[in-house]
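Trainee: Starting off with a structure, shown below.
The values are calculated or read from the model by the stated rules, or taken from the named source; none is laboratory data. None of the values given here were measured: they were computed from a predicted structure. No Cβ is skipped: glycine too gets one built from the backbone with ideal geometry, and neighbour counts run over all protein chains shown.
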Amino acid sequence: MYRLYIDEVGTDDVQSVSEDNERYLSLTGVAMQVAEARDELAPRFAAIKATVFNHDPDDPIIFHRKKIVKSNGAFSGLREQQRRDEFDALILSAMADCQYRVITALIDKKAMLAKWRWTNKQPYHYLIEVLVEKYVQFLERQGAIGDIMPEGRLGKKDERLQSAFIEVKSKGTFYVSRDRMKERIPSSHLKFRYKRDNVAGLQLADLIAHPSHMLIRARMGHEVSLGSFCKQVEALLKSQKYDRSPSSGAIVGYGMKWLP
């Protein structure tokens, strides 16, 4: 049994698309066996929190990339370079050792709005379509079934993502029929969970989503600025963790796709 943990970078707002930080939206999915998340990832993350931050297990620290980068709140100790280096090494080791595959779909909302044939102007629809399609193809190669767990945003965003998921499953895509989708993803409900739930898979997706987003932007020919940790995560994604063709090793079309 697999689970696809999903995190997003950007916003689905289609009213503001002029600036780079508003124009691009991506969804990153981390496909991991539930047993792997329970037996390997969650204990590794708990050990890092105890070792580096001496955290209270009854009031756990939640890994959140933005706070980690800025050394805010519970992560203020990372302003000490020695502790930062220790944390980076432990996180990268956990990322490398655990078994999972990454799929990221990115959309240029400004370009989407300019395409007259794209009658559906909800970017979530196109991104979840790609993720579900690629996830089903991955599950077929594994001979497995799975479900999907996005990080919830509460309110309308969750509703839009759920609606897009139902529509994709009811119709299928050009490459994957609805029957194939139903066979591999039996549930029609996304398993929304939130930061407070301390889900290790979602915390991993949060740490991976931004580097993957920027890597795709770079592949699109955009100028991007990357920190040293982000570069190390990107290298790991490219060498090991992106889903890829079992025959050619190609990543584009498997572990990454951008639209339009």
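Rundown of residues vs (1) out of contact with any His (no Cβ under 6 Å at 6 or more places or on another chain); (2) at pLDDT 95 or above; (3) hydrophobic (A, V, I, L, M, F, W, C), yes/no style:
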{"residue": "HIS55", "(1), (2), (3)": "yes, no, no"}
{"residue": "SER71", "(1), (2), (3)": "yes, no, no"}
{"residue": "GLY77", "(1), (2), (3)": "yes, no, no"}
{"residue": "ASP85", "(1), (2), (3)": "yes, yes, no"}
{"residue": "ALA96", "(1), (2), (3)": "yes, yes, yes"}
{"residue": "LYS121", "(1), (2), (3)": "yes, no, no"}
{"residue": "PRO150", "(1), (2), (3)": "yes, yes, no"}
{"residue": "LYS156", "(1), (2), (3)": "yes, no, no"}
{"residue": "GLU159", "(1), (2), (3)": "yes, no, no"}
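Trainee: Something else now. Confirm whether ASP7 is in a strand (DSSP E or B), touching a helix residue (DSSP H, G or I) at 6+ places or on another chain (Cβ under 8 Å), at pLDDT 95 or above and among the acidic types (Asp, Glu).
Mentor: Against the criterion (in a strand (DSSP E or B), touching a helix residue (DSSP H, G or I) at 6+ places or on another chain (Cβ under 8 Å), at pLDDT 95 or above and among the acidic types (Asp, Glu)), ASP7 qualifies.
Trainee: Tally the residues that are modelled with pLDDT of 95 or more, of a type in the set (Val, Ile, Thr) and within 15 Å of the chain's Cα centre (by Cα), restricting the search to the stretch 10-34.
Mentor: Qualifying residue count, the stretch 10-34: 2.
Trainee: Return a yes/no flag: does the stretch 35-43 have any residue that is among the basic types (Lys, Arg), modelled with pLDDT of 95 or more and under 26 Å from LEU190 (Cα atoms).
Mentor: Yes, because at least one residue in the stretch 35-43 is among the basic types (Lys, Arg), modelled with pLDDT of 95 or more and under 26 Å from LEU190 (Cα atoms).
Trainee: Residues in the stretch 10-29 that are hydrophobic (A, V, I, L, M, F, W, C) and either in a helix (DSSP H, G or I) or buried (at least 23 other Cβ atoms within 10 Å of the Cβ) (or both): how many?
Mentor: Within the stretch 10-29, residues that are hydrophobic (A, V, I, L, M, F, W, C) and either in a helix (DSSP H, G or I) or buried (at least 23 other Cβ atoms within 10 Å of the Cβ) (or both) number 2.
Trainee: Just for the stretch 168-218: of the residues that are of a type in the set (Ser, Thr, Tyr) and within 18 Å of LEU139 (Cα to Cα), which one is surrounded by the most Cβ atoms within 10 Å (Cβ to Cβ)?
Mentor: THR173
Trainee: Residues that are aliphatic (A, V, I, L, M), at least 3 per element: which helices (runs of 4 or more DSSP H) completely within the stretch 30-143 meet that? Outline the logic, then answer.
Mentor: Working: elements: 42-53, 65-70, 81-97, 109-114, 123-142.
Helices (runs of 4 or more DSSP H) meeting the threshold: 42-53, 81-97, 109-114, 123-142.
Trainee: Moving on to the next point. Just one of LYS49, LYS67 is of a type in the set (Lys, Arg), in contact with a helix residue (DSSP H, G or I) (Cβ under 8 Å, 6 or more places away or on another chain) and surrounded by 12 or more Cβ atoms within 10 Å (Cβ to Cβ); which is it?
Mentor: Values: LYS49 fails: in contact with a helix residue (DSSP H, G or I) (Cβ under 8 Å, 6 or more places away or on another chain).
Within the list LYS49, LYS67, the selection yields LYS67.
Trainee: Considering only the stretch 218-237, I want to know if a residue exists there that is modelled with pLDDT of 95 or more, out of contact with any Gly (no Cβ under 6 Å at 6 or more places or on another chain) and among the basic types (Lys, Arg).
Mentor: no
Trainee: Which residue out of GLU40, GLU80, GLU36 is without any contact (Cβ under 8 Å) to a residue 60 or more places away in the chain and under 22 Å from GLN240 (Cα atoms)?
Mentor: GLU40
Trainee: Return a yes/no flag: does the stretch 228-249 have any residue that is in contact (Cβ under 8 Å) with a residue 12 or more places away in the chain, on the phi > 0 side of the Ramachandran plot and surrounded by 16 or more Cβ atoms within 10 Å (Cβ to Cβ).
Mentor: No, there is no match, as no residue in the stretch 228-249 is in contact (Cβ under 8 Å) with a residue 12 or more places away in the chain, on the phi > 0 side of the Ramachandran plot and surrounded by 16 or more Cβ atoms within 10 Å (Cβ to Cβ).
Trainee: Could I ask something else about it? Could you tell me whether any residue of the stretch 43-62 is touching a residue at least 60 places away in the same chain (Cβ under 8 Å) and closer than 26 Å to TYR254 by Cα?
Mentor: Within the stretch 43-62, not a single residue is touching a residue at least 60 places away in the same chain (Cβ under 8 Å) and closer than 26 Å to TYR254 by Cα.
Trainee: Assuming THR51 fulfils every condition listed in (1) over 30 Å from GLU129 (Cα atoms); (2) hydroxyl-bearing (Ser, Thr, Tyr); (3) in contact with a strand residue (DSSP E or B) (Cβ under 6 Å, 6 or more places away or on another chain) apart from one, which condition is it?
Mentor: With (1) over 30 Å from GLU129 (Cα atoms); (2) hydroxyl-bearing (Ser, Thr, Tyr); (3) in contact with a strand residue (DSSP E or B) (Cβ under 6 Å, 6 or more places away or on another chain) applied to THR51, the lone miss is (3).
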